[in-house]
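Contents: one structure, followed by commentary.
The values are calculated or read from the model by the stated rules, or taken from the named source; none is laboratory data. Given the structure is predicted, the values throughout are model-derived calculations rather than measurements. Cβ atoms come from the backbone with ideal geometry, glycine included; neighbour counts cover every protein chain shown. Accessible surface areas use protein heavy atoms only, side chains included; no ligands, DNA or RNA. Shrake-Rupley method; radii C 1.70, N 1.55, O 1.52, S 1.80 Å.
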Amino acid sequence: MESLKEKTAKGLFWGALNNGVTQLLGMLFGILLGRLLTPEDYSMMTMIAVFSQIAAILQSSGFTAALVNLKNPTHEDYNSVFWFNIFAGLFLYTVLFFCAPLIAAYYRYPELLWFCRYAFLGFLFANIGTAQGAWLQKNLRVKEQAKASIAAVVVSSCVGVTMAWMGFAYWALATQSIVYILTVALLRWHYSAWRPSMHIDFTPVKRMFPFSVKILGAGIVDAININVLNILLGRYFTKHDTGCYNQAYQWQSKCNYVVQGMVNSVAQPVLAQLNDDSGRQLNAMRKLVRFTAFISFPLLFGLSLVSREFIVLLITEKWLFSATLLRFLCISGAFYPIVWVFNNMIISKGRSSLNLLSTTLFGLCQIIIMIIVHRYGIFTMVISYVTLNIIWVFVLWFMVNRLTGYRLLSFLKDILPFLLSAAAVMTVTWFATESIANLWLLLLARFVMAAVVYYGVMRIARVKMLDECQQFLLAKLKKTQA
């Protein structure tokens, strides 16, 4: 039997492979779509992006967290969740179908009416594989989840690019989203050993509901929080500005999700299993925080460093406005995976109400601030958004501290070495390469120099996290060769 440490290491490896490959594929197809489509096309999807994200949240709804938190979930538990989510998806799609005219009226774009009704089909498909996804996560089948995600990205992206090339414009983006959701759901069925039965009993759902509804609510509120700028930009600014912001946010998210995804694949199952040993649980969380900081800060700060040449070279100068926005968004994006580590700790403690409270308070603060500052332009809105996100990391730390005794000094010791090292490396790289005029050479020089210098700093400082990662990868490589 594998130890929990070995399962966690494997989970992080497959989570890293999944999200690394997924985001790399997303980047390649994103380049093609960015060249084929316009900011105005992206703005159509941006205006209703919150609904697509809610569909994705429903696919891994609050009942997933509830099932994972159960020590020994039964067939009846999974079956109850499966059928409840099927009926919930049908109900939500019906409601949104009839709300589409209101959404079109809010943005003042009549063409949104049928576009919304088409894009919202994701709600019908999102819940087909929820119970199967919970089974895979509960059993730490991260490898199977990785295969499902990668295959779904390839299939949906090929469909989206083909439609964009054929001139379907923003309809290509909606179809890509729908195909991704459906493919993930079907592949979860393929990889999961659990199957539903026709005996429908919602008693287990009622038992899990007080916990899971708060997780689901927090996820939906978080999706709204992420899209507050999209919602306001679509209302008060042009389609071009809205599309450029969305492009910047998407590129930041691709790097962000590499880290966030690998940590999320193991965080809650591992922390939940250690609930009876608070000391080990705290140490496991601190290690996840250090691992997250070790990867996240150089990755996102590095993207901020090369944002201009990256955007111009890959998706052309028509997206140049996105490059400046991307530079700022990457700063808060570097902190966001730490937020998810804290959220998973709060949930593993059974405090879903606290998770919902913190997410709701953040959303209210963000909405109030954005409404106040939107008259000063997009840059002011983005800077305010970035600042609030960083502040909220410490709000969440305070909540985790009350639950676990995670002191501020310990938290700073876990993240500051990586934050300051990454910031220093990117600053030195910026000034050392500033005189290079050729954009391709500049991009390559900054990428290579930043990576080499950051690795060198970690080696000189004898960072234990680097040694552990290298040892695991070497062991994995030897095992593969054998």
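Please enumerate the residues belonging to region 37-52 that are part of a helix (DSSP H, G or I), at pLDDT 70 or above and buried (at least 19 other Cβ atoms within 10 Å of the Cβ). If the condition is that a residue be part of a helix (DSSP H, G or I), at pLDDT 70 or above and buried (at least 19 other Cβ atoms within 10 Å of the Cβ), then Pro39, Asp41, Tyr42, Ser43, Met44, Met45, Thr46, Met47, Ala49, Phe51 are the ones that fit. Among the residues of region 385-398, those that are crowded, with 19+ Cβ neighbours inside 10 Å and either in contact with a Ser or Thr (Cβ under 8 Å, 6 or more places away or on another chain) or farther than 30 Å from Arg459 by Cα (or both) comprise Tyr385, Asn389, Trp392, Leu396.
Ala422 meets each of the listed conditions (1) surrounded by 13 or more Cβ atoms within 10 Å (Cβ to Cβ); (2) free of Cβ contacts under 8 Å to residues at least 60 places away in the same chain apart from (2).
Tell me which residues, restricted to region 358-409, are more than 26 Å from Leu325 (Cα to Cα), of a type in the set (S, T, N, Q) and in contact (Cβ under 8 Å) with a residue 12 or more places away in the chain. Ser358, Thr404 - these are the residues of region 358-409 that are more than 26 Å from Leu325 (Cα to Cα), of a type in the set (S, T, N, Q) and in contact (Cβ under 8 Å) with a residue 12 or more places away in the chain.
Look at region 135-158: where a residue is without any contact (Cβ under 8 Å) to a residue 12 or more places away in the chain, no partner that is among the aliphatic types (A, V, I, L, M) sits 6+ places away or on another chain with Cβ atoms under 8 Å. The residues of region 79-118 that are part of a helix (DSSP H, G or I), open to solvent by 10 Å² or more (accessible area, probe 1.4 Å) and in contact (Cβ under 8 Å) with a residue 40 or more places away in the chain, listed by number, are Phe82, Trp83, Phe84, Ile86, Leu96, Ile103, Tyr106, Tyr107, Tyr118. Of the helices (runs of 4 or more DSSP H) that lie entirely inside region 295-380, not one contains 2 or more residues that are open to solvent by 10 Å² or more (accessible area, probe 1.4 Å), touching a strand residue (DSSP E or B) at 6+ places or on another chain (Cβ under 7 Å) and closer than 21 Å to Leu419 by Cα. Taken over region 222-256, the criterion of being of a type in the set (Lys, Arg) and touching a helix residue (DSSP H, G or I) at 6+ places or on another chain (Cβ under 6 Å) is satisfied by Lys239, Lys254. Would you confirm whether any residue within region 304-325 is more than 17 Å from Val258 (Cβ to Cβ) and among the aromatic types (Phe, Trp, Tyr)? Yes, region 304-325 has at least one match.
Quick one: is Gly11 closer than 30 Å to Arg280 by Cα, open to solvent by less than 30 Å² (accessible area, probe 1.4 Å) and at pLDDT below 80? Criteria met by Gly11.
The helices (runs of 4 or more DSSP H) found wholly in region 128-235 and carrying at least 2 residues that are surrounded by fewer than 18 Cβ atoms within 10 Å (Cβ to Cβ) and of a type outside the set (Lys, Arg) occupy 142-165, 170-191, 203-226. For Leu441, are the conditions met, namely being assigned to a helix (DSSP H, G or I), more than 24 Å from Phe291 (Cα to Cα) and more than 26 Å from the chain's Cα centre (by Cα)? For Leu441, the condition - assigned to a helix (DSSP H, G or I), more than 24 Å from Phe291 (Cα to Cα) and more than 26 Å from the chain's Cα centre (by Cα) - is met. Right, Ala272: modelled with pLDDT under 85 and over 14 Å from the mean Cα position of the chain (by Cα) or not? For Ala272, the condition - modelled with pLDDT under 85 and over 14 Å from the mean Cα position of the chain (by Cα) - is met. How many of the residues in region 94-133 are of a type outside the set (Gly, Ala, Ser) and closer than 20 Å to Arg188 by Cβ? Of the residues in that region, 8 qualify.
So that you can scan it fast, the table gives a plain yes or no per residue for (1) farther than 30 Å from Lys464 by Cα; (2) touching a Lys or Arg at 6+ places or on another chain (Cβ under 7 Å); (3) not basic (Lys, Arg):
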| position | (1), (2), (3) |
| --- | --- |
| Tyr249 | yes, no, yes |
| Asn256 | no, no, yes |
| Gln273 | no, no, yes |
| Leu305 | no, yes, yes |
| Leu314 | yes, no, yes |
| Asn343 | no, no, yes |
| Ile347 | no, no, yes |
| Ser353 | yes, yes, yes |
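Taken together, the criteria place Lys413 among residues that are open to solvent by 80 Å² or more (accessible area, probe 1.4 Å) and either modelled with pLDDT of 90 or more or within 30 Å of Lys349 (Cβ to Cβ) (or both). Being under 24 Å from the mean Cα position of the chain (by Cα) and over 27 Å from Leu70 (Cα atoms) is a description that does not apply to Val81.
Look through region 69-78, keep the residues that are part of a helix (DSSP H, G or I) and touching a helix residue (DSSP H, G or I) at 6+ places or on another chain (Cβ under 8 Å), and return whichever of them is nearest to Leu271 (Cα to Cα). Looking at residues that are part of a helix (DSSP H, G or I) and touching a helix residue (DSSP H, G or I) at 6+ places or on another chain (Cβ under 8 Å), I get Asn69. Of all residues in region 278-294, exactly one satisfies the criterion of being open to solvent by 10 Å² or more (accessible area, probe 1.4 Å), of a type in the set (Gly, Ala, Ser) and touching a Leu at 6+ places or on another chain (Cβ under 7 Å), namely Ala284.
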